[in-house]
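Throughout, read-outs are computed from the coordinates displayed, never taken from laboratory work. Predicted model only: the values in this text are computed from it and were never measured. With ideal geometry, Cβ positions are generated from the backbone for all residues, glycine too; neighbour counts draw on all protein chains shown.
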Amino acid sequence: MLDRTQAPAVRPFGFHPLPAGETEHLKNGVTLHSLAGGNHGIGQVTVLFPGGRFDLENRVLSAVATSLYTEGAGSFSGADIADILDFAGARFAPHTSAHYTGFSAIVLGHRLPDILPVLEAMATAPHFADSDIENIRRMMLSKLKVEETKVMYHASAALRRLIYGCGHPLASTDKEAELEAVDRSALGDFQRRLVKPRGTHIYLSGGFGESATDALKRFAAGMSALAPDAAAIERRSPLMAPEAPQTVFKEMPDAVQTAVCAGMPAVGRRHPHFIPLRLAVMALGGYFGSRLMTNIREEKGLTYHIDAALSAIDDASATVVQAQCNSETVEEVVGEIRKEMASLRDNPPSGAELDRLKLFATSSLIETLDSPISISNYRQLETVTGTPTDYFEAQQRAIASLTPEIISEMASLYLRPEELRVSIAGPKV
């Protein structure tokens, strides 16, 4: 009989490779990825076309276009699309990223063939009706206006300018003008250039039968005749142009709290230091037991939440720390951030603290293996963000071999307090 008064034995996670699934390169240039499994009869199909925000003159086009897919396409009205997706137990989600645009649908596996005609119509013949465009534009403008009332919106935007440079897509704040410029002609041109077979990736995962796979292959093969006269969207990879380390302030007299964003440029995903640096940033502020949370929240009570993350784009990345606090304590918060960065160099995690960090990093990573869908979503990072094919396994090796000396080295190289760019938004003290 199980003795519930005794805690179960704790065992190491061990090494777990990420299942590869199957990859098929179709003659027309589409790459089809499939990973079957799961026992709930649920699956997901994701379609990613090359061409995203960074590649467009008007960076909101992809978001507006994908938001309109369910409003009508081909012979289907918006009501038809809603009924078909609902009957199939499907949940549709648009996808927009730096270099890819598309959509995904989680659906009852045996119903995938039923929704493929709708997905094909969305990709090839969205209606883009003027009234729908106006409704989406008005909704996005309203959301933007709400965001512009928040201190974190302005602090984060200013920090992106300091880290990436004013000309970088991530530093753009002219979304209102871009939204106003969106019309049916611009959306139609974008769609014709977007939907090309060459470079398109389709991911199929979960509980699908052979008939569903065959139907998806026909869907992919049918893309060959799409918009042959429209030039494909060319990939753009803008370079970072960081400003000198400095502190900027935006006064928002009606704000209740002050937002503090701090950060600095770092190395890209393919650099050998990227993964150990990510773990060092995690030690700084990437989980509840991190240095920043323990000091600034738990011990000093200066903020409800503070976090640090390594945010990567193309061949570069940035370490970013974010918090909100009372305006009178801003200088203290910034000072403690600098202090904890220096402490990672001079007094890196060891013993029980290092064990907790490694356990959190491993358990967060292993969650990826929960289902074929989560595994497929992780595999999509190879397409969308350019992560190496062995990124999952490389992280496990880095976690297992992590030492105080490695964390100290990463902090001394990339988390230097004197290199910190600081952006503050809130009431003036």
Please compute, for the alpha-carbon atoms of the chain, the extent along each of the three principal axes and give them in descending order in Å. 64, 63, 39
Around PRO242 (Cβ within 12 Å, Cβ-to-Cβ, excluding PRO242; K/R +1, D/E -1) the net charge comes to +1
Modelled FRET efficiency - R0 51 Å, THR23 with GLU328, Cβ distances, 0.05 increments: 0.35
How high is the FRET efficiency between GLU367 and TYR304 when r is their beta carbon distance and R₀ equals 22 Å, given to the nearest 0.05? 0.30
If you project the alpha carbons of segment 105-149 onto the principal axes, what extent comes out on each, in Å, largest first? 46, 23, 12
With Cα atoms, 0 to 90° folded angle of helix 351-366 axis to the chain main axis: 0 degrees
Might you report the magnitude of the Cβ-based charge dipole of segment 211-370 about its Cα centre, with Lys and Arg at +1 and Asp and Glu at -1, to the nearest 20 debye? 580 debye
Net charge contributed by nearby residues that have their C-beta within less than 13 Å of MET293 (K/R +1, D/E -1): -2
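Note down the net charge around SER34, summing +1 for each Lys or Arg and -1 for each Asp or Glu among other residues with Cβ under 9 Å from its Cβ.
Once positives and negatives cancel, what remains is -2.
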Most mobile of ARG297, ARG160, ARG218 per a Gaussian network model of the chain (Cα springs, under 10 Å)? ARG218
The extension gain from ASN39 to ARG235, computed as 0.36 nm times the residue separation minus the Cα-Cα distance, is 66.6 nm
Tell me the Rg and the Dmax, in Å, that the Cα atoms of segment 382-429 produce. 17.3, 50
Average projected area of the Cα convex hull of segment 313-429, in nm²? 9.7 nm²
Could you give P(r) for segment 182-223, binned at 5 Å from zero, as whole percent values over all Cα-Cα pairs? 5, 17, 20, 17, 14, 12, 9, 5, 0
Expressed as a fraction of 2.2 N^0.38 Å, the rule-of-thumb size for a compact globular protein of N residues, what is the C-alpha radius of gyration of segment 181-320? 1.61
Proximal lysine pairs in the chain, meaning Cα under 29 Å and 8 or more positions apart or interchain, come to 25
What residue among TYR378, TYR304, TYR414 shows peak mean-square fluctuation when the chain is described by a Gaussian network model with Cα springs under 10 Å? TYR304
log10 I(q)/I(0) for segment 34-88, Debye formula on C-alpha points only (no solvent), q = 0.27 Å⁻¹, two decimals, reads -1.04
Label-point gap, in nm, between THR389 and SER343 - each point 7 angstrom along Cα→Cβ: 4.3 nm
Alpha-carbon gyration tensor eigenvalues x 5, square-rooted, for segment 90-178, Å: 33, 17, 13
Charge dipole of segment 100-143 built from unit charges on the beta carbon (Lys, Arg +1; Asp, Glu -1), centred at mean Cα; most positive-end Cα among THR101, LEU141, MET122 is LEU141
Do me a favour and compute the ellipsoid semi-axes for segment 238-290 from its Cα gyration tensor, root of five times each eigenvalue, largest one first, whole Å. 28, 19, 8
